[in-house]
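**Student:** I'd like to ask you about the structure that follows.
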Amino acid sequence: MSADAKEILQLDDVAIRFAGDSGDGMQLTGTKFTDETALAGNDLSTYPDFPAEIRAPAGTMAGVSGYQIHFSSHDIHTPADRVDLLIAFNPAALRANVDDMRSQGMVIINSDAFTSKAMARAGYDEDPRPGLGDRYKLVEVPLTTLNREALQGLSLTQREIDRCKNFFALGLLCWLYSRPMEATERWLSTKFSGDVLEANLRTLKAGFAFGETTELFPAHYVVPSAKIEAGTYRNITGNTALAWGIVAAGVQMNRPVYLGAYPITPASDVLHEVARHRNFGVKTFQAEDEIAAASSTIGAAFAGHLAVTISSGPGFILKQEALGLAVMVELPLVVINVQRSGPATGSPTKTEQGDLLAALYGRHSQSPLPVLAPSTPSDCFSTVLEAFRIAVRFMTPVVVLSEGYLANSAEPWKIPDVSELERSEIVFAKAEDAATFEPYRRDPDILARPWAIPGTPGLEHRIGGLTKEDVTGNVVYGPENHQRMVDLRAEKIARIADEIPAIAVEGPDSGPLLVVGWGGTLGSITAAVEAARAAGHTVSQIHLRHLNPLPADLGDVLGRFERVLCPELNEGQLAMMLRSRYLLNVRSFSKITGQPFKVWEIRERIEAILKEEP
Amino acid sequence: MAAAAEKLTRRDFVSGQDVRWCPGCGDYSILANVQRVMPELGVPRENIVFISGIGCSSRFPYYMNTYGFHTIHGRAPAFATGAKVANPDLSMWIVTGDGDGLSIGGNHLLHVIRRNLDCQILLFNNRVYGLTKGQYSPTSERGMRTKSSPQGAIDHPIDPISFALGCGATFVARGIDVDAPHMQDVLRRAHAHKGTSFIEILQNCPVFNDGAWGELEDRKTRAETALVLEHGKPLVYGSPGRMKGIVLDQGVPSIIELADADDPVERGVVVHDETHETTSYAYALATLKRPEFPMPVGIIRQVEKPTYESMLEDQVEEAIQKRGPGDLEALLNSGDTWQVS
Ligand code: SF4
């Protein structure tokens, strides 16, 4: 059969998942397919899901690593609830993922890997293949054999050859969905050389050619490019966007950046990425622990740098005492928490929104600080920039709550025009003002104290954790002064709300139901709201970036709706805040499985609540 | 500004805050010595920073008319690291104690020393917790009875000098709170050293552990109990007619008696050398403890190693040399991009 003879079918929307052992290169294969898909002009959303162990036992369910990509010719918001095509490199990968398949979807398996031993390791009592045919289109491809045949004659070991089979599969899928492969070829040539490069290129092309010639696939597909706003695009993950936001803050505020961090999943990539860009004058410091990471960051802020520290749940909690000091001494810094499942070590690679209350109330005594949360991978970039702006303007530490889901997921990002990004010059206290300088003399409007950095003659002063006198900053313990300082710190943070833009309600301004979310659930909630509307329901939506202070008009907006639903990947932390603050019956929809919301879960809840009494 | 050019005096370094240590506390004399040395260092006052943790000693920055930061318990070295990395021109002084530095802050002390951040660490060792009212500390002797150890402490004490040596310290010294000229000498040398200068200061807490270093502080007994180190000079101590020297046999120290007419070096007394590359000699000095031996005071070790902040600056410079100064536009557009029209 010649290539031309194959039918080409058009699809609007496809979700595929690569699944294999953590050593099979699934994340890499998925990422490369994502790059090709972006270049093909589709809208897309990805969801990598991998085990915490670096090398979990091969062939076991615990070792399965998956990468899902959803791409489309229209706007999409999530990595999709159901998978249209699963490519499983071994029996464990099949068993761990097949339940997420759409019925009648396509399952491609590496038939070479379905030995009775491997099936037993995966926990199958009997060969699962005969039973699959009823529910799915099962396609058995001997990936290992085909890859070996393609790479005959190269002076590589069998092991090295077998490690290339993910690129055979990638080539096959590129054919199946009519993706260009140039970007992957380019990437391979920058990464490898010699026989390894040759092997990967050859097997990639062999996979593509196999698709063309084999009779296993009677048709292949095109997914037309999506109609998206004109501009230059790239794919970006949340962690890269955080890192670039940190670098960009230094450029836009014209001040060197200091990043102090201790490695922790899933935040370490931000440290790695920023460390690559020291030519921006950025200083990165790998501290001895989380406490030192936070403390050194405060030290750098004291000395006048744009200071940031990054961590995840357990590490964030270790930083809290230092953060309390930053609140007390009122120094500007940004603290990023890429939240993960807990408590304790929990599931380090799984997502959660469990640290909202910890960020707001997890320090001893009254210790208010602003909290922001990005809602998509690319939104991490602008959220970090805003966090720095607030930190410096109001002289306060600012917490940014990202999530494991945002950290590793990719989406196309319209690259901002740098000349249009906000620029701001930092104003330090000056030597000329030494005569009137007082470390705690506040700006009358926004209550920020001056930033007076060592090296400035005449402004020598002492700050510290002890209760201090208003204006002078001298250590005093008087009861009235104490109350005043507590009130001033709280009022300063509250006034940030004056600068938060008015809430834009998505959908009708009032009505039967408002869905309120925050953080990385934006995609699932939006898709669910759209689906409910398509089914004829009246639903409105808002999504909060500012968790503290809350937008000034939030109470009014909530009050205009008969019902308020708040979906969160925790046990209702924002819902609890909204109830206590506004005395409203906010209905919480909570999920804590380590996985993002499925669109249908939220949609079902929307429809159920609409049937309830307001 | 004029401040740098003016001739400063001790008084310029006295802040307006009331000093609130207990009467007779050794901290007073340490503060006076530091304030006295400051004007001699030739550093503009605005470039001097004192950073401390928590404890009696950590109130120190409030009393210095320089930049100062009283931080959280045990973490002063980390705060200092961030500040020094941000501005390597700062003259960075860390003030800590035996509890703050060696108990809750042991980890940070270890790492700041091994990184060789250019700073001075003054560890006030009074062998007790003062601010929390008298519990035993990591340097307290075994058997010390306190409110938290009514039957006697069962922890083996840590020796600050050995600890610093173990961390690879490039400058290690010991001073005595009340021995002003000697301590000022040590402070000057510490400041001149490029890298982490670790100074253990034997400090008396008259309230909770009075006389812990009594024989070293008392001028009448100091000659017999302190071994004053001088680079290139033999390790001798005592008073005329009762001079003694330290000899090392296979690294193990012992004491020999010296007649006034003896040449100590000919008798085998060790000649002090601060600059030994290996730390075994410095460790041998650290093992000299009362009551068997005199306690060495002065500079135990001083060697050169690149500092953390200078190596970091070099790497930033190297990155700029290699890749050019950062270009945000280019960064955002790096890798695979595509146009939508
Ligand atoms: S408790 Fe001891 S160390 Fe603390 S101030 Fe009083 S005398 Fe000094």
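The values are calculated or read from the model by the stated rules, or taken from the named source; none is laboratory data. Just so it is clear, the structure is predicted and the values come from calculations on it, not from any experiment. Neighbour counts are summed over all protein chains in view; Cβ atoms, including those assigned to glycine, are modelled from backbone coordinates with ideal geometry. For the accessible areas, the whole protein counts, side chains as well, though only heavy atoms, and no ligand, DNA or RNA atoms are used. Shrake-Rupley method; radii C 1.70, N 1.55, O 1.52, S 1.80 Å.
**Student:** To the nearest 100 Å², how much accessible surface do chains B and A cover up together, summed over both, with a 1.4 Å probe?
**Tutor:** 5600
**Student:** Compute the relative contact order of the stretch B:91-156 as a whole-number percentage, counting only Cα pairs closer than 8 Å that sit 6 or more residues apart in sequence.
**Tutor:** Relative contact order here is 28 percent.
**Student:** Another question, if that's okay. Could you pull out the GluC sites (Glu not before Pro) across the stretch B:161-255 that fall in loop regions by DSSP (anything but H, G, I, E, B) with no more than 14 other Cβ atoms inside 10 Å?
**Tutor:** B:E230
**Student:** Would you kindly state how much longer the chain becomes between B:E215 and B:Q315 on full extension, computed as 0.36 nm times their sequence separation minus their alpha carbon distance, in nm to one decimal?
**Tutor:** 31.1 nm
**Student:** Considering only DSSP states other than H, G, I, E and B, which trypsin sites (Lys or Arg not before Pro) in the stretch A:380-439 qualify as loop sites with at most 12 other Cβ atoms within 10 Å?
**Tutor:** A:R423
**Student:** Carbon and sulfur together cover what percent of the accessible area of the stretch B:39-168 at a 1.4 Å probe radius?
**Tutor:** Reported share for carbon and sulfur atoms: 49 percent.
**Student:** Also, I was wondering about something else. With every protein chain left in place, what is the accessible area per residue of the stretch B:2-217 in square angstrom, probe 1.4 Å?
**Tutor:** Here the residues of the stretch B:2-217 average 33 Å² of exposed surface.
**Student:** Accessible area per residue, 1.4 Å probe, Å², for the stretch A:234-420: what's the number?
**Tutor:** Value returned for the stretch A:234-420: 23 Å² of accessible area per residue.
**Student:** Of the heavy-atom accessible surface of the stretch A:436-497 (probe 1.4 angstrom), what whole percent is carbon and sulfur?
**Tutor:** It is 52 percent, rounded to a whole number.
**Student:** Could you work out the helix-only [θ] at 222 nm for the protein assembly as shown, with each DSSP H run of four or more residues adding -39,500 (n - 2.57) and the total divided by the number of residues, to the nearest 500 deg cm²/dmol?
**Tutor:** The helix contribution divided over the protein assembly as shown gives -9500 deg cm²/dmol.
**Student:** Count the net charge of all other residues whose Cβ sits under 9 Å from the Cβ of A:G59, scoring Lys and Arg as +1 and Asp and Glu as -1.
**Tutor:** Within the 9 Å Cβ shell, the charges total +1.
**Student:** For an R0 of 60 angstrom, estimate the FRET efficiency from the Cβ-Cβ distance between A:H272 and B:D249 and round to the nearest 0.05.
**Tutor:** After rounding, the FRET efficiency stands at 0.70.
**Student:** Shifting gears a bit: Please determine, in degrees from 0 to 90 and to the nearest 10, the orientation of helix A:479-494 with respect to the longest principal axis defined by the Cα atoms of chain A, where the helix direction is its Cα long axis.
**Tutor:** 40
**Student:** Can you pull the one-decimal nm distance between simple spin-label points at A:E198 and A:R55, each 7 Å off the Cα toward Cβ?
**Tutor:** Label at A:E198, label at A:R55, 2.8 nm between them.
**Student:** I've got another one for you. Which of the pairs B:K194/B:K244; A:K350/A:K611; A:K350/A:K414; A:K350/B:K322; A:K6/A:K598 have their Cα atoms more than 29 Å apart in this structure?
**Tutor:** B:K194/B:K244; A:K350/A:K611; A:K350/B:K322; A:K6/A:K598
**Student:** Continuing with this model, one more query. Among the lysines, which have Cα under 24 Å from the Cα of A:K492 when same-chain residues fewer than 8 positions away are ignored?
**Tutor:** A:K319, A:K430, A:K468
**Student:** Leaving ligands, DNA and RNA out of it, rank B:D263, A:D21 by accessible area with a 1.4 Å probe, largest first.
**Tutor:** Correct descending sequence by accessible area is B:D263, A:D21.
**Student:** Something else about it: Subtract the Cα-Cα distance of A:H74 and A:L9 from 0.36 nm times their separation in residues, and report this length gain in nm to one decimal.
**Tutor:** This chain segment gains 21.7 nm when fully extended.
**Student:** Tell me which GluC sites (Glu not before Pro) from the stretch A:211-260 have a DSSP coil assignment and no more than 12 other beta carbons within 10 Å of their own.
**Tutor:** When the GluC sites (Glu not before Pro) of the stretch A:211-260 are filtered for loop state and at most 12 Cβ neighbours within 10 Å, A:E215, A:E229 remain.
**Student:** Return the aspartates and glutamates within reach of B:K133: Cα separation strictly under 19 angstrom, same-chain partners fewer than 8 residues apart disregarded; answer none if there are no such residues.
**Tutor:** Partners found: B:D27, B:D98, B:D100, B:E141, B:D155, B:D210.
**Student:** Take the Cβ-Cβ distance between B:R36 and A:E499 as r, set R0 to 35 Å, and report the resulting FRET efficiency rounded to the nearest 0.05.
**Tutor:** 0.10
**Student:** Within the protein assembly as shown, what percent of beta bridges assigned by DSSP are antiparallel, to the nearest 5?
**Tutor:** If we restrict to bridges inside the protein assembly as shown, about 35 percent are antiparallel.
**Student:** Between A:E185 and A:L132, what length comes free when the chain is fully extended (0.36 nm per residue of separation minus the Cα-Cα distance, one decimal in nm)?
**Tutor:** 15.6 nm
**Student:** A further question follows. Using only the alpha-carbon atoms of the stretch A:436-497, report the extent along each of the three principal axes, biggest first, to the nearest angstrom.
**Tutor:** 32, 29, 19
**Student:** Tell me, what is the FRET efficiency for B:T9 and A:R581 to the nearest 0.05, using R0 = 60 angstrom and their Cβ-Cβ distance as r?
**Tutor:** For R0 = 60 Å, the calculated efficiency reads 0.60.
**Student:** Suppose a student asked you for the relative contact order of chain B, using Cα pairs under 8 Å spaced at least 6 residues apart; what percent would you report?
**Tutor:** Relative contact order comes out at 14 percent.
**Student:** Whenever you get a sec, line up B:T170, A:T60 from highest to lowest accessible area (probe 1.4 Å, protein heavy atoms).
**Tutor:** Result, largest first: A:T60, B:T170.
**Student:** A further question follows. Let me have the relative contact order for the stretch A:436-497, percent, based on Cα pairs under 8 Å that are six or more residues apart.
**Tutor:** About 32 percent, as a whole number.
**Student:** Right, here's the next one. If you count only protein heavy atoms with a 1.4 Å probe, what accessible area per residue comes out for the stretch A:3-222, rounded to a whole Å²?
**Tutor:** Accessible surface, normalised per residue, equals 41 Å².
**Student:** Then there is this: Could you tell me how far the Cα centroid of the stretch B:82-155 sits from the Cα centroid of the stretch B:226-283, in Å?
**Tutor:** About 30 Å separates the Cα centre of the stretch B:226-283 from the one of the stretch B:82-155.
**Student:** Helix B:308-323 versus the longest principal axis of chain B: what angle, 0 to 90°, nearest 10, using Cα atoms?
**Tutor:** Tilt relative to chain B: about 20 degrees.
**Student:** Describe numerically, in nm with one decimal, the distance between label points set 7 Å from Cα along Cα→Cβ at A:E601 and at B:E266.
**Tutor:** It is 9.0 nm.
**Student:** In whole Å, what is the distance between the alpha-carbon centres of the stretch A:190-243 and the stretch A:18-95?
**Tutor:** That distance is 13 Å.
**Student:** So how far apart, in nm, are the two label points at A:V476 and B:H231 if each is 7 Å from Cα heading toward Cβ?
**Tutor:** Label-label distance for A:V476 and B:H231, simple model: 4.9 nm.
**Student:** What are the residues of the stretch A:240-279 that lose 30 Å² or more of accessible area, with a 1.4 Å probe, going from their chain alone to all protein chains?
**Tutor:** A:W244, A:Y258, A:R278, A:N279
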